[in-house]
Amino acid sequence: MRGYSQWVLSQGMHFWPAAALLSAGFGALHSANPGETKSGLIAAALIGFFFCLTLRRTGDLWWAVGFHMSWDWGESYFYSVPDSGGMSPGHLLNSSFHGPDWLTGGSVGPEGSLLVFVVIVALWVAFDRIYPDVKYGS
């Protein structure tokens, strides 16, 4: 979603409008996941938008690819919590949720928690400060 399609759309509508469109699409793709919720879809779109910032500031996709892979692996195989509503076999831990859905994410897992929005804002602020220079699409 942030490779060739981002480059092509950026040629016609500039980087950030293309990023917003593709991030909304990234969030919408998650609607096919079992147990997905509105907050999970919004979080997926926002993390997609954050990944566009990582592309813009680093000049390549590897930061976004590595973060997305490690996040999904951690949820699915290490912590054994739902990842966008799906559970994976062969996990290390055998976790269970205790608490309200706004805190745990319910059927979606941590991606559906309201706390994920705090994490996304913190990621955006930290990444903006660590990587201040634009290296893609300028």
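The values are calculated or read from the model by the stated rules, or taken from the named source; none is laboratory data. Not measured: the values here are computed from a predicted model. Just the protein is used for accessible areas: all its heavy atoms, side chains included, with ligands, DNA and RNA removed. Shrake-Rupley method; radii C 1.70, N 1.55, O 1.52, S 1.80 Å.
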>> Of the candidates Pro89, Pro110, Pro17, which one comes out as most mobile in a Gaussian network treatment of the chain with C-alpha springs shorter than 10 Å?
In response: Pro89
>> Distance between the C-alpha centers of the range 1-70 and the range 104-138? Whole Å please.
In response: 12 Å
> So what's the convex hull volume per residue for the Cα atoms of the range 51-93, in Å³?
Replying inline: 64 Å³
> Heavy-atom accessible area per residue, the chain, 1.4 Å probe: how many Å²?
Replying inline: 56 Å²
> How much of the accessible area of the range 1-97, in percent, comes from carbon and sulfur atoms when a 1.4 Å probe is used?
Replying inline: 69 percent
> Where is the GNM fluctuation largest for the chain (alpha-carbon springs, 10 angstrom cutoff): Gly48, Gly66, Gly105?
Replying inline: Gly66
> Could you give the semi-axes, largest first, of the ellipsoid that matches the chain, computed as the square roots of 5 times the alpha carbon gyration tensor eigenvalues and rounded to whole Å?
Replying inline: 28, 15, 14
